[in-house]
Structure formats: structure tokens, C-alpha cells
Amino acid sequence: MTGTTAIEAVGLSKRFGAVHAVQDLSFVVEHGQICGLLGPNGAGKTTTVRMIVGLIRANEGHATLLGEAVRPSAKVLRRVGLLVEKPAFVPYLSGMRNLQLHWTAGGDPWPPSGLDDALDLANLGAAIDRKVKGYSQGMRQRLGIAQAVMHRPELLVLDEPTNGMDPAETRRMRVGVAELASRGTTILLSSHLLAEVEQICSHVLVVDKGTLVAAGTVADIIGTGQLVDLEVGDAPSATALLQATPGVLSVAPSERGLVVELDGMRRSELVSTLVHAGIAVETVMPRRRLEDAYLSIVEGEG
Amino acid sequence: MIRVEWVRQTRRLRTWACFAGLAAVPIIFSIASYVDPPRERRETNVFTLLTASGLNLAIVALFFMSQFFLVVVVAAFGGESVSGEATWGTARYLLVRPVSRVRLVLSKIFVAYVLAIISVLVIMAAGLASGIIAFGWKDALIIDRSLLFPLPVPVPAMEMFWRLFYGGAYVALMMLTVVCIGVFLSTLTDSTAAAVVGTVVTIVTSNVLGALPGLRSVKPFLPTRYWDEWHNLYATSTLQDMWKGAASTLIWSTLITVFAVWRFRRKDILS
């Protein structure tokens, strides 16, 4: 590992004819992060992913992966796992044969070091030896993820990894991705499923119309709204206290307790204020979810 | 990468269907010629001699197939090579494996060309086997063009066998141009059909230009200009233009390969 930056994009731009798919896009994903890449359809997410792995040439700017400059067929790609747009296999060959041919095409001896773990994650059972043309979309997706992780990559780039999976498969995959991250794999996850991103990711990049419109930790992105749901033992006392507390804009009753609008105060400070006043705090949760934050960012841009 | 491409192509039903089709035509040709032999005609050509020996039939089968059917099959092997990866979407995964783009194109050309050579061997084997069964292994007839009127002259069976072998080798060499054009076009489009049809159209256009009475200054540079020179193996004619044909094919194939590699190295992989 060289340095702490897993992905660095500097001023990436890509034009297709008169259409600017990506414009002056710069971001950094540090080692160990699980970074969500969000944006509406046509925002430039897939073009960005393809540029950072060398499938598309940037008109301007450059990218580095794991500290090395990206160019087509760069050696550093051996340390990267990729699932972009949708998995793709030779339909008349079995799942295992596809994995084998993909791996040996790079000149390495079969099998790769992480094959067993990858097959466990894919959970295809005996179907791994059946022809891929008989697979469901979810099975292809799981095989695609197995292909991406079978060499224990340091960096994993996943584009809509749970597309076509049923809830149980989705959950299994989410747990698997989290396990990979816990072992130190850096993950860039492009997804439309904001709840999924919120559960898995530590950081988020939001792109729209080919430009970066927000970046930061999930907490930072969600926290910009400052609305908090509060359940307390003594709601009237808490209301009176908070209305007189600097950093609190408003306090209003809700179905479950109180809705508090903060003005710069952190949630931990809010809890501390209430506990010091002898008021029991049952729960404190940000009212906005990632979906709210995302929509306000993207629609605000529009 | 060559081994990977080889496995992918040989595990494919389409490949075997093409070989079966190439084998079937000479066999049908033998059966038809046995059941209803060509009638005596005043002029002598390869077709009027086809029942003289199993070797004559094998020659005619190769002559007949190399005019179009073989070109279509070889165009399919070449035209599908890179565009097939785009159709399945597997190109992006191979390139980030990573496989070098140059290696990918050269491997595709190599395997498609091996399949083209096998195609020629299949035609020759099917023509020879069915021809020998129908008309026997015996001295063959070739055409003596030194006379005012072409006349058939006998040639020992073994000598004719070697002439057939050299003819097949020459046809196989000519197919290298078809493979290279197919691979080049398949780097330009993600549509396999477009690449295959484009390859066949290119070859047919070259043949048509070659057949036009004018265009004398252009004809020597057409990729198909010397394709039929191997027919002289079955007549008492000069063979020196076969060397020109070999040189022309190698020059064309090299140029087209360079263009294919140059194009694919710069291509954005969007499929």
C-alpha cells in the first residue's frame, strides 16, 4: 500500500460529442473507506467509474488508483475488483468456467487466493457449474461480485451490486461487503438504493450533471438538516429547557416525543444538556435520512 | 489470452455449426455429382472434370466454397471477435483484469485465423473423403492450357494430392485478409452483424472492382486481386502470381492489423 489515498480524481472531464458527461470532477477516496457514489440517472456516475479504471479516456484531468496513475490496462488494476453497470459472462459456459477464464486471461494460475470466500459470498451452490445462460439476474449479479472479489482486491468498485437480488440475497451481499471493508478493502459503491448506501457507507459523493455537488461523511451529508427526533421521560420540562438553550432554534411536539431544530449544536451536546438537567433521554435520531439529504442536494442544484 | 479465446470459441455451438456446414456442402456436392454426373461439354474446365477422380472433386469443392461460403464463415469468426465481447459486455472485465488491448486484438486475430485454417481443412477433408468414396483414389485430370483448346491431361494421384494441399494452403493464406478485416471492423462497432456484413461487403466490393474491365491501375492493389491464382495448380500454367498473392495478403493483413490495434487502443469501452 502506498500512502492513504485509494482513489484520487483530479479535474476529470469527458465529452461525448457536444454532451459534457463529466466536468471538472475531483474527489478523493481514502484507504478503508466505504464510499457511496450517488446521483440521478445520467449524472455521470458510470462514466466516472469507467474513467477511473481506464475504460474511457478523460478529455481532461487524471485519476490515480492506489497511488498509481490510471491508464488502459494499467498494472494497478490487478489490485482492483470491478462490477460496473451489470455483470457480463459468456452465456454458454458455466459460472465456474467463466471465473476461470476471466482469471487466467490475466496470465495468473488458477485458482486465485480468495476463490472460496468469493464463492461463499455468491452462494450459488451447485449452480456454479451450470451454464450462465440459465441464471437469474440475481444469480448473475452474485457471480459478478464473486468475480470482482475472488483475488482479494485492495479496492472494490461496485456499480449497483444488489440489482435484481431478492431481499435475502441483498442482505447477504450487504453483510459480505461490510466484511470485506472490515478486512481493509476500500469500496466505491455506486447505487440508487439510498437506504443501502446509508447502511453500508462511511462516506458519500453526490454527482449531478457531471459535477460533484456534495462530498463528505454520511453523517455530515445527513446532518446538514439539523432536525432531530427526541424521546424523553419528561417532555414539558425538556421543551422548556431547550427553548431557553442557545443553539436550539425550535422545539415542537411530535407523535413520539419532540422535534428539535438545532442551530449548530451537535446531537451529543443536546443529549448532554438534557441529562445534566436530570431529564431521561430514550432516543435521539436525526430526522432527515440520506434520501432527504440527497433529494435536497440534487433538487437544490436543479 | 490465446488459450482463453480458444476455449471460448471451441466451446461455442456456432463454431461447430459452421464447420458442419462447411463439411456438408462438399458431401452434398459429391452425392449430387455421383447421382447425376455433369454431361460432356465442348469446353474443358474444373467442373467438367470433377468425376474423373475423388481428388478432382475435392478441388472443385475447394474452388466452389472459397468463392463465397468460406468467406462468410471466416468473416463471422473475425467480425464477431471483438464486437462479440462488446455484445456480451465482457470486454470491460477483460480490460480491467487487466488484459492489454494490443494482446486482446492479436489473440482474437490469431484464434480467428486458426479457425479459418481449420475451415479450409474441413472443406478439403470432406471433399476428399466424399470424393474418394464416390469416384475413387485414382489419377486425376488437369487442364493443359498450352494448346489452342484446353484439354485434360492425367496427373498421378499423389501429385494431385500435393497440388490440392498447396491449393488449400494458399486459400487459407488468403483468408488471413478476411480475418484481419473482420477484426478491424469489429473494433469499430459493437454490432457483430455489422462487422460480419461489412467484411463480406468489403471482399465482394474488391472482387467486383477486380472484375470490371477498367481500373487497371487500381487492380494490383485490391486485397482480392490474386485470390484465384491457386487455380493454376490444376492447369499447366505459371504459378508465379501465387507469390504475388502471398505478398499482397501479408502486406494487407499487416496494415489492417496495425489499424485494428491503433483503433482499439484509443477506443472508449462503453459496452
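The values are calculated or read from the model by the stated rules, or taken from the named source; none is laboratory data. This one's a predicted model, so the numbers in the text were calculated from it and none came from an experiment. All Cβ positions, glycine included, derive from the backbone under ideal geometry; neighbour counts span all protein chains shown.
Considering each residue of the stretch A:144-165 in turn, at least one proves to be at the interface with another protein chain (Cβ under 9 Å from one of its Cβ atoms), under 23 Å from residue B:107 (Cα atoms) and not aliphatic (A, V, I, L, M). Screening the candidates A:229, A:234 for the property of being more than 13 Å from residue A:280 (Cβ to Cβ) and acidic (Asp, Glu) yields one hit, A:229. Taken over the stretch B:227-271, the residue count meeting the criterion of being in contact with a helix residue (DSSP H, G or I) (Cβ under 6 Å, 6 or more places away or on another chain), buried (at least 18 other Cβ atoms within 10 Å of the Cβ) and not small (Gly, Ala, Ser) is 13. For residue B:34, the conditions (1) surrounded by fewer than 22 Cβ atoms within 10 Å (Cβ to Cβ); (2) modelled with pLDDT under 85 all hold with the exception of (2). Candidates A:239, A:185, A:224, A:217: the one that is at pLDDT 90 or above, under 30 Å from residue A:4 (Cα atoms) and polar (S, T, N, Q) is A:185. All conditions but one from (1) at pLDDT 90 or above; (2) basic (Lys, Arg); (3) within 23 Å of residue A:131 (Cβ to Cβ) apply to residue A:79; the one that does not is (3).
Filtering the stretch B:241-271 to residues that are within 13 Å of chain A (Cβ to nearest Cβ) and of a type in the set (A, V, I, L, M) leaves B:261, B:269, B:270.
Residue-by-condition table, conditions (1) crowded, with 19+ Cβ neighbours inside 10 Å; (2) touching a Phe, Trp or Tyr at 6+ places or on another chain (Cβ under 6 Å); (3) in the same structural domain as residue A:55 (by TED's automatic domain parsing); (4) in contact (Cβ under 8 Å) with a residue 40 or more places away in the chain:
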| residue | (1), (2), (3), (4) |
| --- | --- |
| A:109 | no, no, yes, no |
| A:117 | no, no, yes, no |
| A:128 | yes, no, yes, no |
| A:133 | no, no, yes, yes |
| A:150 | yes, no, yes, yes |
| A:170 | no, no, yes, no |
| A:175 | no, no, yes, no |
| A:190 | yes, no, yes, yes |
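Taking the listed residues B:79, B:84, B:89, B:54, the one that is in contact (Cβ under 8 Å) with a residue 12 or more places away in the chain, in contact with a strand residue (DSSP E or B) (Cβ under 9 Å, 6 or more places away or on another chain) and either buried (at least 17 other Cβ atoms within 10 Å of the Cβ) or among the hydrophobic types (A, V, I, L, M, F, W, C) (or both) is B:54, with no other qualifying.
Among B:2, B:27, which is the only one that is aliphatic (A, V, I, L, M) and farther than 30 Å from residue A:149 by Cβ?
Values: B:2 fails: farther than 30 Å from residue A:149 by Cβ.
From the options B:2, B:27, the qualifying one is B:27.
So, of the residues in the stretch A:152-168 that are in a strand (DSSP E or B) and either among the hydrophobic types (A, V, I, L, M, F, W, C) or touching a Cys at 6+ places or on another chain (Cβ under 6 Å) (or both), which turns out to be surrounded by the fewest Cβ atoms within 10 Å (Cβ to Cβ)? In this case the residue turns out to be A:155.
Tell me whether the stretch A:66-78 contains one or more residues that are more than 7 Å from every other protein chain (Cβ to nearest Cβ) and assigned to a strand (DSSP E or B). Among the residues of the stretch A:66-78, at least one is more than 7 Å from every other protein chain (Cβ to nearest Cβ) and assigned to a strand (DSSP E or B), which makes the answer yes.
Return yes or no: is residue B:134 touching a helix residue (DSSP H, G or I) at 6+ places or on another chain (Cβ under 7 Å), farther than 19 Å from residue B:19 by Cβ and hydrophobic (A, V, I, L, M, F, W, C)?
Numbers: touching a helix residue (DSSP H, G or I) at 6+ places or on another chain (Cβ under 7 Å): yes; farther than 19 Å from residue B:19 by Cβ: yes; hydrophobic (A, V, I, L, M, F, W, C): yes.
Taking the combined requirement at face value, the residue satisfies it.
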